[in-house]
1. Please specify each residue of segment B:39-52 satisfying the condition of being free of Cβ contacts under 8 Å to residues at least 60 places away in the same chain and surrounded by 12 or more Cβ atoms within 10 Å (Cβ to Cβ).
2. Could you tell me which residue of segment A:17-26 is farthest from the other protein chains (Cβ to nearest Cβ), considering only residues that are without any contact (Cβ under 8 Å) to a residue 12 or more places away in the chain and open to solvent by 50 Å² or more (accessible area, probe 1.4 Å)?
3. State all residues of segment B:63-89 that are more than 12 Å from chain A (Cβ to nearest Cβ), open to solvent by less than 40 Å² (accessible area, probe 1.4 Å) and modelled with pLDDT of 95 or more; if no residue qualifies, say none.
4. Going residue by residue through segment A:46-58, is there one that turns out to be more than 10 Å from every other protein chain (Cβ to nearest Cβ) and loosely packed, with under 13 Cβ neighbours inside 10 Å?
5. So A:Q61 fits all but one of (1) modelled with pLDDT under 95; (2) in a helix (DSSP H, G or I); what number is the exception?
6. For the list (1) more than 9 Å from chain A (Cβ to nearest Cβ); (2) within 26 Å of A:I23 (Cβ to Cβ); (3) of a type outside the set (D, E); (4) open to solvent by 50 Å² or more (accessible area, probe 1.4 Å), I need the number of the one condition that B:F32 fails.
7. Right, A:L43: within 22 Å of B:H71 (Cα to Cα), within 14 Å of chain B (Cβ to nearest Cβ) and assigned to a helix (DSSP H, G or I) or not?
Amino acid sequence: MPSRPKHLDLFSIKLPLPGFVSILHRVSGALLFLALPLLLWLLQQSLRSIETYTRVSELLQSGLLRLVLLGLLWGFLHHLCAGIRYLLIDAHLVSGLAQARSSSWLVLAVSLSLTALFGVRLW
Amino acid sequence: MVNRMVTGAHYGLRDWLAQRVTAVAIAAYSIFVGAWLLLHPQPGYDGWTGLFSSNVMRTFSLLFLLAVFYHAWIGVRDIVMDYVKPAFIRLAIHVVVILLLVLYTLWSVQILWGM
């Protein structure tokens, strides 16, 4: 299809809200994959012995790791909420433009609120 | 003739379904552990290892991690297929990702049963 019209000026294309949630689903998934070795290592150290558990607890006091984990927590919660939205779309429980938009808002709001809730509760 | 690529998906429907089945398993386990953490924000070493002490919990944890790794494989493969066009680079990334996930699987068994 060589003559198909193209418009790929990224500065004049505005991504619609469901598209924004969709690309964040992809980005958060990729980040979580890259974080797997860190998360597995933290799990291992936290279970191995009382000494390594204490060291991980101390590590978690540091600002940088906390920020990374809070970011990953948001990534996980966004991926979870957006994933539930896709399952509802698959089941035809969410359809049409209005619901596509409102459910996208809901995904953003719920994942950010849950991140804040866990952030406050766990630290 | 259909041009079959060595780094294609091959099994669209099967992976589509697997992505959803693993997602539900991951969600169920995460909500369980997340709720446990909200109820025990400072579990201490004994409380934390106590959660993983039974073989039932270790088995479900391993199943959860296997679901995560399979889910991650399908997702990463889809991303790579969308953005990486040269077949050789694509194949190389696929091989690295598969090797990593197999390593993580062996590591997970060590973590859960070596504690």
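The values are calculated or read from the model by the stated rules, or taken from the named source; none is laboratory data. Given the structure is predicted, the values throughout are model-derived calculations rather than measurements. Neighbour counts are summed over all protein chains in view; Cβ atoms, including those assigned to glycine, are modelled from backbone coordinates with ideal geometry. Surface areas here come from the heavy atoms of the whole protein model, side chains and all, with no ligands, DNA or RNA. Shrake-Rupley method; radii C 1.70, N 1.55, O 1.52, S 1.80 Å.
1. Those that are free of Cβ contacts under 8 Å to residues at least 60 places away in the same chain and surrounded by 12 or more Cβ atoms within 10 Å (Cβ to Cβ): B:H40, B:P43, B:G44, B:Y45, B:W48, B:G50, B:L51.
2. Step one: filter segment A:17-26 for residues without any contact (Cβ under 8 Å) to a residue 12 or more places away in the chain, giving A:19, A:23, A:26.
Retained after the next criterion (residues that are open to solvent by 50 Å² or more (accessible area, probe 1.4 Å)): A:23, A:26.
On the way: A:I23: 11, A:R26: 6 Å.
Among residues in segment A:17-26 that are without any contact (Cβ under 8 Å) to a residue 12 or more places away in the chain and open to solvent by 50 Å² or more (accessible area, probe 1.4 Å), the one farthest from the other protein chains (Cβ to nearest Cβ) is A:I23.
3. B:A67
4. yes
5. Result: A:Q61 passes all but (2).
6. Here B:F32 meets the rest and fails (2).
7. On the way: within 22 Å of B:H71 (Cα to Cα): yes; within 14 Å of chain B (Cβ to nearest Cβ): yes; assigned to a helix (DSSP H, G or I): yes.
The answer is yes for A:L43.
Conditions tested, residue by residue: (1) in a helix (DSSP H, G or I); (2) hydrophobic (A, V, I, L, M, F, W, C).
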position	(1), (2)
B:V24	yes, yes
B:W36	yes, yes
B:P41	no, no
B:G47	yes, no
